[in-house]
Each structure stands twice: as C-alpha cells, then as structure tokens.
Amino acid sequence: MSIIKVKTKLDEYRYRAKSADINELSGRTNRSDITHFVNGEIAKRMEFKQGDIVVDIGCGDGTLLEIAESEGSFGIGILPSEEEVTRVRDRFLTNSDRIKIEQGLASKTELPDEVANKVVCNGVFLLDEEDVNLALKEISRITKPNSFVYIGELCFRDETEGKNYGDSILKWLLWVLWNQGGGEFLSRLKQTLRAIFTTEQMLILPKSHYYCTPEEFISRAKSFGLNINEHFPHKSISLNNEVIKSSSRQDYIFIKV
Ligand SMILES: C[S@@+](CC[C@H](N)C(=O)[O-])C[C@H]1O[C@@H](n2cnc3c(N)ncnc32)[C@H](O)[C@@H]1O
C-alpha cells in the first residue's frame, strides 16, 4: 500500500515524479486528455512559430514544450525538483535537441534576462502574495519587451469551499460521487484500489491555496511591467469530451512593456 500525505505543493510534485504515468506530473490524475486539451489551447492562443524561444514555468510532463517544438520553436521547461527534472529530461533526451529542462522556481528560474519571447506559467499554484509578486517580477525579467506572457488556471475563489472531507479518503470518494458523478467516482475508486493493492502511489494533498480577483491580479502584474492583453475563464474538458468553462480559474495573457 502506498498512500502518502504530503505537506507542500513542491513535495507533491516530487512524489508525482515517481509515478508510472508521466502525466501525473501535470497533476491531472488519469486525465492526460485534459493535459493535451489545456496545452493545445495555450499553444493556439500563443501562436508558437519557427524561431520562438518559449519558456514554460512548471512545465509538468512537457506536453506544451512538445507542441512548441512541433511548430519549430525552442522550448525551455522549468521544474522545481531534481526528481521531476530527471523524469522529464529522460522523456526528451533521445529525440529532441530543441527542448531543455532546467531546475528552478517561478520565483527564481535561474534563466538570463529577456531570454524568451513567449512565457507560459499554467496551473502553477503559488503560495501567497509574496510568492506571486516574486513570480511576476521573475517572469517579467526573463521576458523580452513586447512579448507575450500566459498565466493560466489562477484561482479567483477558494476551491476548497464545500470540500469538507479533510484527509479522509472515504469521505472524499463520497464527495466525488455526490458532486462529480458516477464516472469520476469509478475512476477515483480504481485509483484508490490500485494504491491499496499495488505499488502505485496515491497522494493526500495539501488543501489551502492562493486566490485573488482578476482586478487585483491585473493591477499586481502591471506593477511588474506586464500589461493585460486579454483574460478569460479557463477551459477544460469533461469525461465526455465536452468543453467546460471553469467557475473558479481564470487565464491571463499579458504583454511585457
Ligand atoms: C498542475 S501542474 C501544471 C503542469 C503544466 N503547466 C500543465 O498545465 O500541464 C503544476 C506544475 O507546477 C510545478 N510547480 C509547482 N510549484 C512550483 C513553483 N513554485 N515554481 C515552479 N513550478 C512549480 C509543478 O512541478 C508542476 O509541473
């Protein structure tokens, strides 16, 4: 049995790097379809092309970098732990000299100034106001002037509201059944049984997260030289492949002045 309670987001992804399924690095258990959809949408909006230098901060399993490479761009993925870096480097090592994976944080990428003309940071749950400010400052520093920055899946309300299952797996499964339906329940039940009867791990995650209103985020970004170009509800897909607009997450595209 391998059910592990993790304390921080950084620990969560270090553990995810050990999973058999590389999509675990995107945080979307059993839903690599969502990872492909979400990153495909970002790629459409960012219009990757030959010669672009794309930095993907918190690049998960590297799906976005793969898309950018297929459009002729050069991609740099940033991941916080050595375990994730090794796992994703292994994925690209033999077949790509246009993708680099480096260790770093949204607040400290270790990349040179103005290195990229397209920067993406999607689904990277930042910790608090200070972490958000540091990340915005860092993103602005590594982006060339007049270039685009995509910050996606930023929560504008508390996603833990109404999720009163704490760390109990049984209560969580019942919550899934009640709120997300039979299909999602069966998928989560299978995940739980696999964790009980095989070596595949299951993580009990930290519950609190940062959120802020679009107005607040846009004004915060502006103070770091990132002017809003457009913002819209984050889009995902259901088990039946229907496109769903998020009721708690917003995507933002900025231009670095
Ligand atoms: C939900 S996944 C999103 C992955 C990918 N961007 C996507 O949308 O498919 C979150 C990613 O953020 C990374 N991450 C978490 N905290 C981070 C931080 N402080 N700085 C940089 N990356 C971080 C994780 O390692 C993981 O790759």
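Coordinate-derived values only; no laboratory data. Computed from a predicted structure; not experimentally measured. Cβ sites come from the backbone with ideal geometry, for glycine too, and all protein chains shown count toward neighbours.
What list of ³J(HN,Hα) values in whole Hz, one per residue of the range 209-226 in order, does the Karplus curve 6.51 cos²θ - 1.76 cosθ + 1.60 (θ = phi - 60°) give from phi, with Gly and Pro shown as x?
Working through the residues one at a time gives 8, 7, 8, 7, 5, x, 4, 5, 5, 4, 6, 4, 4, 4, 5, 10, x, 10 Hz.
Taking the Cβ of residue 5 as the center, what net charge do the other residues with Cβ under 13 Å away carry, scoring Lys and Arg +1 and Asp and Glu -1?
Numbers: positive: 7, 207; negative: 11, 12, 167.
Every neighbour counted, the sum reads -1.
How about the range 1-106: which GluC sites (Glu not before Pro) there are in a DSSP loop, with at most 13 other Cβ atoms within 10 Å of their Cβ? Numbers along the way, then the final one.
Working: sites: 12, 24, 41, 47, 66, 69, 71, 82, 83, 84, 102; in loops: 47, 71.
Of the GluC sites (Glu not before Pro), the ones in loops of the range 1-106 whose Cβ has at most 13 other Cβ atoms within 10 Å are 47.
What percentages make up the Cα-Cα pair-distance distribution of the chain when the bins are 10 Å wide from 0?
For the chain, the pair-distance distribution reads 7, 30, 38, 20, 5, 0.
Taking the Cβ of residue 77 as the centre, find all other residues whose Cβ is under 12 Å away and add up their charges (Lys, Arg: +1; Asp, Glu: -1). Before the final figure, lay out the partial values.
Working: positive: 87, 89, 91, 98, 100; negative: 56, 61, 66, 69, 84, 102.
That works out to -1.
Mind checking which lysines have their Cα closer than 20 Å to the Cα of residue 235? Skip sequence neighbours fewer than 8 apart in that chain.
Counting by Cα, and skipping residues close in sequence, residue 235 has these lysines nearby: 44, 245.
What is the sum of charges around residue 230, taking Lys and Arg as +1, Asp and Glu as -1, for the other residues whose C-beta is under 12 Å from the C-beta of residue 230?
Working: positive: 45; negative: 251.
After counting each charged neighbour, the total is 0.
Angle, helix 182-197 long axis vs. longest principal axis of the chain, Cα atoms, 0 to 90°, nearest 10?
Roughly 80 degrees between the two axes.
How much of the DSSP bridge set in the chain is antiparallel, in percent, rounded to the nearest 5?
Numbers: 17 of 39 bridges.
Bridges in the chain are about 45 percent antiparallel.
What order do you get for 226-233, 178-185 when each peptide is scored by the mean count of other beta carbon atoms within 10 Å, highest first? Present the calculation step by step, with values, prior to reporting the outcome.
On the way: 226-233: 14.9, 178-185: 12.5.
The peptides rank, most packed first, as 226-233, 178-185.
Which translational diffusion coefficient, to the nearest whole µm²/s, is obtained for the range 138-202 from the Stokes-Einstein equation, given a Kirkwood hydrodynamic radius over C-alpha pairs, 25 °C and 0.890 mPa s? Numbers along the way, then the final one.
Numbers: Rh = 15.2 Å.
Reported coefficient: 161 µm²/s.
Quick one: 54, 176, 119, fewest Cβ neighbours within 10 Å first, how do they rank? Walk me through the numbers on the way to the answer.
Working: 54 27, 176 18, 119 30.
So the residues, fewest neighbours to most, are 176, 54, 119.
Helix 82-92 versus the longest principal axis of the chain: what is the Cα-based angle in degrees, 0 to 90, to the nearest 10?
On a 0 to 90 degree scale, this one is about 80.
So how do 251, 33 line up by other beta-carbon neighbours within 10 Å, fewest first? Kindly include the intermediate steps, with their values, before the conclusion.
On the way: 251 21, 33 15.
In increasing order of surrounding Cβ atoms, one gets 33, 251.
What list of ³J(HN,Hα) values in whole Hz, one per residue of the range 58-68 in order, does the Karplus curve 6.51 cos²θ - 1.76 cosθ + 1.60 (θ = phi - 60°) give from phi, with Gly and Pro shown as x?
x, 7, x, 8, x, 4, 5, 5, 5, 5, 4
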